[in-house]
Each structure stands twice: as structure tokens, then as C-alpha cells.
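S.K.: Pasting in a structure now, in C-alpha cells, and then I'll have a few things to ask.
Quick note: the coordinates plus some simple rules give every number you see, no bench work behind them. These numbers come from a predicted model, not from an experiment. Quick reminder, even Gly has a Cβ in these numbers, built from the backbone with ideal geometry, and neighbours come from all protein chains shown.
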Amino acid sequence: MKRTRKGELRRFAGRVLVIWIIQALALLVMAALFKNVYVENLGVALATAAVIGLLNALLWPLLSYIVLPFAVLTLGLAALLMNGIVVWLASEWIPGFSVTDFWVGIVLVFFLTAITTILSSLLTIDDDSSWQRNVLKRRMRRQKKVVETDVPGFLFLEFDGLAKPVLERAIEKGLMPNLAGWLESGSHSLVGWETDMSSQTSASQAGILHGNNHNIPAFRWYDREAKEIVASSSPKLVAGLEKRLSDGKGLLVADGASRGNLFSGDAPNVMNTASTLLDRSRFHTTDYQAYFLDPYNMPRTLLLAIWDIILEMWQFHKARRDNVYPLSDKEHRGGIYPLMRVFMTVIMRDLNFNTLIGDMFSGVPAVYATFVGYDEVAHHSGVESEDTFGILHKLDREVGRLESAAAQAPRPYHLVVLSDHGQTGGATFKQRYDLSLEDLIRQLAREKYQIQGDADVHEDWSHVNVMLTETVQQGGTMGKGLGRALDSRSQGGQVALGPEGAAQAQTGKVVEETPDGEEEGPGSTIVVLASGNLALVYGTRTPKRATLEQIEEYYPGLLDGLVQHEGVGFVLVHSAAHGPVVIGGDGKNYLAEDRVEGEDPLAGFGPNAAQHLLRNDAFPDAPDLYVNSFYDPESNEGAAFEEQIGFHGGMGGTQTQPFLLYPSTLPLADEPLIGAAVVHRVLKGWVSDRAAERPEGSSGKGTSIDTD
């Protein structure tokens with residue numbers, strides 16, 4: 001133990017010495033470049049770097065008690081001002097060093113942060129200061145009742161959209177050394193699990209966090225009773241879903257915390273959680289302490305954000321230059337997209353990881369956090385592109401930080417990494433066939449009906465809107481000002497920017513108008529809603545779901561035209577005579593009768609495809625037609641009905657193959673993990689049993705399929 005302690009002290013002293021020298025040299029460079037900064041010589045630079053470090057070490061923790069609420073409510077601006085004041089104070093005390101004002105001090109802090117971050121990375125110096133961690137631990141003990149205990153806690157880290165095969169290839173490439181080390185040492189085991197038919201976040205997270213995802217047919221669907229399109233990007237909808245699905249005993253109900261999720265898992269402590277935006281009692285500004293306690297976190301995040309924007313623009317340029325195919329077009333990867341990407345890959349990541357360190361130092365028994373960076377980039381850059389592998393490498397590095405911090409927590413922690421779904425790749429339906437699914441249906445319906453689709457809305461805007469709404473709800477100068485600025489783009493107190501805002505948060509009434517020159521009929525609209533390579537098609541001629549027989553009467557040629565199109569893999573429809581029927585170009589599968597005519601249209605979609613479809617067919621909000629794109633097992637390609645070259649939402653390929661990376665001492669049953677609700681039961685068992693050891697003889701593979 002003594003050797004370990006001495007080794008830690010040596011590493012700490014070495015880190016301090018190297019950072020000190022780096023910052024002193026950076027000060028000299030800054031003085032040479034800018035006339036508003038004066039540093040007399042190297043000795044003054046060393047003294048200045050030392051004083052700035054001491055002020056941050058001694059003064060910042062004290063001032064952060066006052067600054068923290070303002071830092072949160074001003075989105076970090078108060079923290080930046082404090083940085084400038086610290087540098088300005090140093091200039092007042094040290095002969096031979098001067099800055100003209102504290103605004104120059106802020107610029108100087110950015111420069112020092114940039115140089116330190118770059119060189120620390122090149123020299124593989126740990127970014128975390130042991131001193132800062134000790135300060136944070138003391139802060140948490142003062143403000144919260146932290147109990148020292150041997151009972152393990154859990155950190156559930158969700159890497160949104162990452163399939164098990166992609167994770168394995170990233171590990172093989174050496175891009176995720178921390179996770180690779182877990183597997184090599186035997187401390188952790190890796191298993192796959194299978195999503196429900198709707199392979200997307202709202203269905204999977206509802207299942208994982210609450211054990212129930214009934215009647216979530218896709219990312220967006222049509223509410224027949226209200227005659228509205230609803231989408232999982234709407235916090236109002238997600239709040240209603242959680243109220244309906246939760247039994248009050250979610251994964252995090254026992255003093256847990258939810259960070260950056262769609263659903264809360266009934267956690268009493270939440271941050272950036274869509275389902276609880278209007279419940280202020282569950283949000284606390286102290287949750288951000290771990291981020292704002294380090295004076296360099298805000299400037300580091302902003303610098304990394306700027307770099308990520310430049311990186312995205314370069315990667316897109318390089319992909320176009322090299323004629324990479326498939327490739328998202330400029331409309332979906334240009335414009336505001338680099339800003340959207342940086343929000344997912346840098347800002348949310350940094351806030352979440354630092355908050356998790358604070359959670360561990362507070363002794364929170366269970367935390368679930370979502371990291372959306374990989375999913376966002378894969379949608380636009382491809383499932384296994386250089387861009388996406390770069391995101392995974394950075395996530396792995398942050399996991400290493402959490403593992404290091406866990407060693408200093410007041411209780412032991414089990415780190416569990418998992419995903420909610422994967423992604424499958426391929427050129428989009430429109431790229432392949434030069435028409436959208438809406439266009440195809442319009443042709444097949446002979447333009448007799450109005451075809452209404454949904455706005456081009458994805459999960460990215462929902463994350464931005466959740467964070468902005470949370471800021472507005474907390475009030476304060478920044479919150480009130482932001483609320484006034486966004487008033488025209490808000491609905492019911494919730495911010496709705498992007499296409500979602502234009503579509504009134506995806507809850508607009510469906511317009512039932514008959515095209516000019518056509519005979520008016522009862523319900524002349526066909527609603528087409530895409531969710532990756534799955535589309536939900538609703539006709540409004542009947543108040544209830546139309547049967548196969550009615551569809552062939554109302555829309556002659558539509559069903560046959562769809563299944564004969566090479567971009568369509570199968571269509572699920574409900575027959576009055578036979579129940580649910582899956583129809584493909586060369587055959588039918590009568591699910592209720594367990595009978596196949598011709599070629600099985602579900603061949604290649606997995607052995608459990610029929611069970612998944614049978615379950616979804618019974619949902620109250622099931623569409624008239626479930627339309628799933630083709631899937632080529634050899635190339636692992638399908639075709640999204642949205643403009644995304646990496647997609648999920650339906651069936652086919654790695655989108656249905658997420659993973660669970662868990663401590664090997666934890667128990668799993670012997671049957672496969674099929675369905676998100678089954679994963680919930682496993683995780684809930686761990687949390688409830690507080691890390692029971694695996695029973696002798698257990699193979700650790702999972703449990704059986706969940707059906708309603």
C-alpha cells in the first residue's frame with residue numbers, strides 16, 4: 001500500500017511539474033503574439049503559472065460556492081468571467097507580468113487551456129487532477145449526506161446506437177483500450193442482446209429503464225383518436241409515455257440519477273432528461289458541480305467544440321473528395337449540422353462525464369447516462385467510418401477517467417457499458433431509387449389521396465431542445481432571457497427548435513383535404529411516417545386500423561406495388577380472415593397460423609422476427625401497414641426511408657444487435673437476452689441485489705423473449 005501511495009505522489013508531482021512548465025512556456029508565447037499581454041522573462045512566466053495555479057486551487061473552490069448557480073443559469077458565462085478575474089489578479093500581484101484587463105485574461109485562459117490540452121494529450125498526461133477530485137469529494141460531503149459503504153453502486157453508461165459487432169471491431173483496431181483491458185483481464189464480459197421490432201431509443205429506453213415499452217411502434221406514429229402525428233422527439237409525448245408505462249418501480253427509483261436520457265427510470269435526481277422537464281423538484285444545480293469546480297472545464301469544452309466543428313467540415317470535404325459512397329448530401333451534413341454534431345459529441349459528453357464523477361463522489365447508488373455522440377455521427381458519416389471510430393476512441397478515454405475516479409468514491413462501483421440499439425448502414429431509399437417512400441405511395445395510390453409525411457426531425461434536435469428547456473425552466477437572468485428569445489419557438493413551456501419547431505413539436509393535426517378535382521371522400525389522407533428503415537403507413541378513411549381486405553378495396557394496387565418494389569423487404573398487414581400477415585415479393589407468412597406460402601419474407605431478418613412482428617401487430621397504435629426496407633445479409637445493408645446512411649428503427653442487420661458489457665461477477669440467466677424489458681429485469685436484479693455474485697455453473701447469457 002505504501003508503494004502505491006508513493007507512486008501516486010510521484011505521478012502527481014510529475015504531472016504538476018510538466019503542466020507548470022507547459023503553462024509557463026505558453027505564457028511566453030502569448031506575450032510574443034499579443035501586445036495586451038506582457039511577460040518579462042522565463043522566471044516571471046514560471047512565477048505567473050504558479051500563482052494562477054495556486055489561485056485556482058485555493059480561490060476557485062471558495063468562489064465556486066457563489067459562482068456555481070450563476071454558472072449553470074448563464075450556461076457557463078459566469079465561470080468564464082471568473083477565469084478572467086483570476087488571471088487579472090495574478091497580473092496585479094506579480095511584477096513583470098501584466099494584462100490590460102480581465103477580458104484579456106479570459107483570452108489568456110483559453111490559450112493556456114488549448115496549449116495544455118494539446119501537449120497533455122501528446123504526452124499522455126492524465127487530464128484529471130487528484131487535488132481537484134479531493135476538493136470535489138469534500139464539497140459533496142458538505143452538501144449531501146454521503147455514506148461510506150461497502151455496498152456497490154452502479155454506473156450504467158449507454159453508448160447510443162452502438163452495435164456489438166461494431167464495438168468488437170473498434171476494440172480489435174485498438175481504439176478502445178480501456179474496454180479492451182476489461183475484457184482481457186476477465187473483469188468484464190461482453191454479450192449481445194436483441195432489440196424489439198422498434199430498434200430505436202424511445203422503445204429501448206422505456207424497456208430498459210421502466211421494464212415496459214408497450215405501444216411504442218416506432219420513433220413517430222399517428223394517434224388516430226387525436227388525429228395527430230406524435231414523435232419521441234417531443235418532451236410532452238415522452239412525459240406522457242413515462243406516466244403510462246411506469247409502475248413507479250423503475251431502474252433508478254432507489255435514490256438513483258438520470259443523466260441525458262429520454263426517460264427517468266423513476267430517478268429522484270435528473271438532469272437533461274426529457275420526460276421530467278417540468279418537474280423542478282428532481283433537478284438540482286449542484287449536479288453540475290463536478291463540471292464547474294474545475295476552472296478549465298468550460299474553456300476546454302469550448303475549444304474542443306470549435307475543433308470538432310473544424311474536424312466535421314474537413315471530414316465531409318475529404319469524403320466528397322474521395323467519392324465515398326454512400327454519403328449524406330450537403331443539405332443534411334452542411335448548414336447547421338456541424339453545430340448540432342458538436343452539441344452531441346462534445347458538450348453533452350463533457351457535462352455527462354463530469355456529472356457522473358460528482359455522482360460517484362456523492363455515493364449515488366445507481367446512475368444511468370446516455371452518450372449520443374456515436375449515434376449522431378453514424379447517421380451522417382456511416383456506421384464504421386473514420387469519424388465514428390474517432391468518437392468511440394474519445395468515449396473510451398472518458399470511461400477510463402470514470403474508472404480512475406471510482407477508486408476514490410465512498411463506495412465501490414460497478415461500471416456497466418451498454419447500448420440501446422445498433423445501426424445498419426447503406427444508401428438511403430431516395431439515393432437508390434430517386435424517389436422517397438411517400439413519392440412511391442403517391443404513385444401507387446394513383447394520386448387519388450393526399451399523402452402526408454412527417455417533418456425531417458431526428459433525435460439530435462430533441463437533445464438540444466431538452467437542454468434549452470431545462471435552462472429556461474430554472475429561471476434566473478439567463479433562463480428568463482433565453483425564454484423570451486425563444487418564446488416564438490416554444491410550445492407549452494418547451495423549446496422546439498429546428499424542423500420540430502416548424503412542425504409544432506410533431507403534434508400537428510393531420511389535414512384531411514381532398515386534392516382539387518377529386519371527389520371528396522371520408523378521410524382522404526394517407527400518413528407516411530419514417531423511422532429509419534421502418535415506415536408506418538396510416539389511412540384515415542376508417543377511424544380504426546384498416547384490414548388487409550379494406551386496404552385492397554380502398555387502395556387497389558398499393559399493397560402489391562409496395563411488396564414488389566426492390567427497396568421493400570416486407571409489409572406487415574392485419575387480415576380480418578387470417579390475422580397478421582407478412583407479405584414479401586415472393587411469399588407470405590401468416591404469423592397467427594404459423595404458415596408460410598412461397599418464400600418466407602422474414603428470411604434473413606433473424607429467427608425471432610415473427611415473434612417481434614406478432615407483438616407489434618397487437619399495439620393499439622399499430623399502423624395499417626408496417627413497411628420494412630430490404631436487407632442484404634452479405635453486405636449488411638438496408639435502405640432508410642429517412643436521409644440517413646446509418647440508420648435504425650426497424651429490422652435487419654446490426655441495428656437490432658446492441659450489447660451489454662458488464663462485470664463478470666454479476667449473474668445472468670441461461671437464455672438469450674431478447675427485448676428491452678428483459679434487459680431491465682437483469683439490470684434491476686443487479687441493483688436490487690447489490691452485486692450478488694454469479695451462481696456457480698451459470699453460463700451468463702440472458703433470459704427469454706418478452707411479450708405483452
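S.K.: Quick one: Karplus J couplings for segment 351-359, per residue in order, coefficients 6.51, -1.76, 1.60, θ = phi - 60°, nearest Hz, x for Gly and Pro?
M.R.: 4, 5, 5, 5, 5, 5, 4, x, 4
S.K.: Loop-only GluC sites (Glu not before Pro) in segment 147-240, please: DSSP not H, G, I, E or B, and at most 14 other Cβ atoms within 10 Å.
M.R.: Answer in residue order: GLU148, GLU225.
S.K.: In segment 608-668, which GluC sites (Glu not before Pro) fall in coil by DSSP and have 14 or fewer other Cβ atoms within 10 Å?
M.R.: Sparse-neighbourhood loop GluC sites (Glu not before Pro): GLU634.
S.K.: Just how far, in whole angstrom, is segment 347-387 from segment 596-642 if you go by their alpha carbon centroids?
M.R.: Segment 596-642 and segment 347-387 have Cα centres separated by 31 Å.
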